[in-house]
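The values are calculated or read from the model by the stated rules, or taken from the named source; none is laboratory data. Since we're looking at a predicted model, the values are computed, not measured. Cβ sites come from the backbone with ideal geometry, for glycine too, and all protein chains shown count toward neighbours. When the accessible area is computed, the model is the full protein with side chains, heavy atoms only, and any ligands, DNA or RNA have been set aside. Shrake-Rupley method; radii C 1.70, N 1.55, O 1.52, S 1.80 Å.
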Amino acid sequence: MKVLAIESASVIASCAISEDDTILGEFTLGHKKTHSEKLMPLIEELFDELEMKIQDINMIAISEGPGSYTGLRIGGAIAKSLAYAVDIPIVNIPSMMSLAANIYNTDKLIVPIMDAKAGRIYTGIYKWNNEKLFPVKKQFPCNIDELIEKLNDINEPVLFNGDGSINYRKTIEEKLKIKPIFSPYQYNYLKASTLTMLGYEMAKKGQTINPSQFVPQYLRLSQAERNIKSE
């Protein structure tokens with residue numbers, strides 16, 4: 001099974017192609033260009049380098065969010081248009097699960113944190129069991145103090161990753177009861193290659209959707225929507 005993965009939930013744009021459990025290629029770009037400027041050219045270049053075309057792909061894996069509103073909309077629109085073009089399914093993967101899956105097979109809780117700004121974060125609590133990643137608590141929005149309170153109640157060793165774990169490291173170190181562990185820098189960002197791994201495993205279980213069914217999961221209203229509700 002050949003999988004095209006598209007990651008656009010953060011400032012980083014990433015795409016990858018895998019065949020079964022082997023990564024054939026991956027491009028990642030964190031340049032200041034917008035996703036509308038850089039994502040499709042990256043995908044086209046990846047196809048060119050691998051001497052492949054969209055007709056060779058069996059499924060598209062997409063990060064469903066939470067994350068950047070604009071990034072998720074652009075990534076979703078590209079994934080749906082490509083999937084429609086060749087009549088293939090999509091597998092939608094929670095962004096926090098994808099971020100957690102950057103850390104492989106540890107016996108500790110994995111807690112990814114994405115900084116949502118304005119004192120808010122996106123997070124989730126995950127654990128490996130028999131080489132499968134399971135949610136202890138599925139992704140949710142909160143603030144850092146609320147997350148630390150939940151983790152202190154669980155009272156197990158925690159490995160943190162994500163940009164929020166960098167930004168809130170001091171608070172975590174001060175307030176978490178058990179000494180926290182922080183992932184190396186390279187595991188703190190969403191990657192399309194991780195999506196291919198998760199997408200392949202989900203597809204084997206039949207957990208795919210029709211492109212028309214894909215809806216980004218923002219977990220909160222956009223700023224424009226909040227402004228309307230406050231009027």
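Here are some notes:
- The translational diffusion coefficient of segment 82-162, from Stokes-Einstein at 10 °C and 1.306 mPa s with a Kirkwood hydrodynamic radius over alpha carbon pairs, comes to 116 µm²/s.
- Summing Lys and Arg as +1 and Asp and Glu as -1 over all other residues whose Cβ lies under 12 Å from the Cβ of P157 gives a net charge of +2.
- Think of a 1.4 Å ball rolled over the protein heavy atoms: segment 1-71 then has 46 Å² of accessible area per residue.
- Probe 1.4 Å, protein heavy atoms only - accessible area per residue of segment 98-143 in square angstrom: 44
- For segment 142-159, Karplus couplings with θ = phi - 60° (6.51, -1.76, 1.60), whole Hz, Gly/Pro x: 6, 10, 5, 5, 5, 5, 4, 4, 4, 5, 5, 5, 5, 6, 10, x, 10, 10
- Each of the peptides 162-171, 69-78, 2-11 was scored by the mean count of other Cβ atoms within 10 Å over its residues; in descending order, highest first, they stand as 2-11, 69-78, 162-171.
- Distance between segment 107-132 and segment 27-91 - C-alpha centres, whole angstrom: 24
- Along segment 49-66 the Karplus relation, 6.51 cos²θ - 1.76 cosθ + 1.60 evaluated at θ = phi - 60°, assigns HN-Hα couplings of 5, 8, 6, 10, 9, 4, 5, 7, 8, 9, 6, 10, 9, 9, 6, 8, x, x Hz to successive residues, with x for each Gly and Pro.
- Ligands, DNA and RNA left out, the 1.4 Å accessible surface of the chain is 49% carbon and sulfur atoms.
- Derived scalar couplings ³J(HN,Hα) [segment 126-133; Karplus, 6.51 cos²θ - 1.76 cosθ + 1.60; whole Hz; x for Gly, Pro]: 10, 8, 7, 8, 6, 6, 10, 8
- Under 5 Å from the amide H of G25 lie the amide H atoms of I17, each residue being 5 or more positions distant or on a separate chain, with H modelled from the backbone and absent for Pro and chain starts.
- Considering all C-alpha pairs of segment 1-137, those separated by over 19 Å amount to 53%.
- Of the residues S68, M197, M40, the one whose Cα sits farthest toward the positive end of the charge dipole of the chain, with +1 on the Cβ of Lys and Arg and -1 on the Cβ of Asp and Glu, is S68.
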